[in-house]
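Before any comments, here is the structure.
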Amino acid sequence: MPRAKTPFAAGRLWLDFVNTDEAPRHAQPDALVSFDGYLAWLEASGLIDAARRAALQRRAVEQPASASATLHEARRIRSALRPLAERGTQTAERATQAAVLEINRVLGRSTGVRRVAHDPRDGSFHRSFVPSGDAFAALVIPVVESAADTLVTGELARVRRCVAEPSCPRVFLDTSRSGRRRWCDMRSCGNRAKAARHRATSSARRRKSQ
Ligand SMILES: [Zn+2]
């Protein structure tokens with residue numbers, strides 16, 4: 001299994017996964033609306049390559065019930081992970097428990113081989129997990145591993161939902177030094193937040209000078 005890239009804005013694979021749901025203000029449809037959409041997202045994230053995607057697509061045609069069960073499962077996991085990423089103060093404990101249960105359900109039934117791989121491009125080493133058993137069910141394991149890593153490293157305190165815009169549902173890992181980032185992505189909400197701040201300060205200045 002190749003190492004995951006995070007081509008999106010959230011900073012962690014599982015947060016990008018949570019962000020695959022519909023974001024109307026960003027004109028983003030739900031990526032998990034079909035099995036093909038799920039495969040497209042997995043490829044965009046670097047979790048599968050084009051050849052593997054094509055093989056999985058062929059298998060989905062042969063085993064449609066299994067493909068739709070896999071999609072259903074991915075959506076179920078996503079809906080357990082979103083509250084974990086958002087963690088409203090009231091429901092924090094319950095959301096965490098439900099997500100941990102879901103993470104353990106997936107990890108508990110995953111079988112495969114653990115190994116250390118060497119990346120000759122930069123000389124680095126990383127652990128990898130090569131699943132055996134059901135190819136469909138194994139697709140979501142890296143996502144769940146990523147969520148488990150966030151919990152284990154204590155990084156969850158830096159995970160939040162975008163508040164630059166009330167209608168923006170995106171979650172992200174705040175890697176800023178101050179820990180005060182409030183927007184999901186500079187290109188969209190970050191710029192809007194900056195423009196709003198600018199408008200607020202210049203109108204305050206106008207009021208003062210009047
Ligand atoms: Zn946003």
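Just name the residue that is farthest from V171 (Cα to Cα) out of those in region 31-84 that are at pLDDT 95 or above and outside any helix (DSSP H, G or I).
Filtering first and then ranking leaves Q63.
Have a look at A50, A99 and point out the one that is within 17 Å of A135 (Cα to Cα), small (G, A, S) and either surrounded by 20 or more Cβ atoms within 10 Å (Cβ to Cβ) or out of contact with any helix residue (DSSP H, G or I) (no Cβ under 6 Å at 6 or more places or on another chain) (or both).
Only one candidate qualifies: A50.
Give the residue that is surrounded by the fewest Cβ atoms within 10 Å (Cβ to Cβ), with candidates limited to residues of region 177-191 that are among the small types (G, A, S) and under 20 Å from the mean Cα position of the chain (by Cα).
Among them, the one singled out is G179.
Between S176, S167, S128, which is free of Cβ contacts under 8 Å to residues at least 24 places away in the same chain and either hydroxyl-bearing (S, T, Y) or within 15 Å of the ligand (Cβ to nearest atom) (or both)?
Checking each option against the conditions leaves just S176.
When you go through (1) at pLDDT 85 or above; (2) closer than 30 Å to E93 by Cα; (3) loosely packed, with under 10 Cβ neighbours inside 10 Å one by one for P166, which number turns out not to apply?
The number of the failed condition is (1).
Which condition from (1) exposed (fewer than 12 other Cβ atoms within 10 Å of the Cβ); (2) under 27 Å from W183 (Cβ atoms); (3) in contact (Cβ under 8 Å) with a residue 60 or more places away in the chain is the one that D119 breaks?
(2)
For the structure I just gave you, tell me whether A147 is free of Cβ contacts under 8 Å to residues at least 60 places away in the same chain, in a helix (DSSP H, G or I) and closer than 14 Å to L84 by Cβ.
No; evaluated as a whole, the condition is false for this residue.
The values are calculated or read from the model by the stated rules, or taken from the named source; none is laboratory data. Computed from a predicted model, the values in this text were never measured in an experiment. For neighbour counting, all protein chains shown are included, and Cβ atoms are generated from backbone atoms with ideal geometry for every residue, glycine included.
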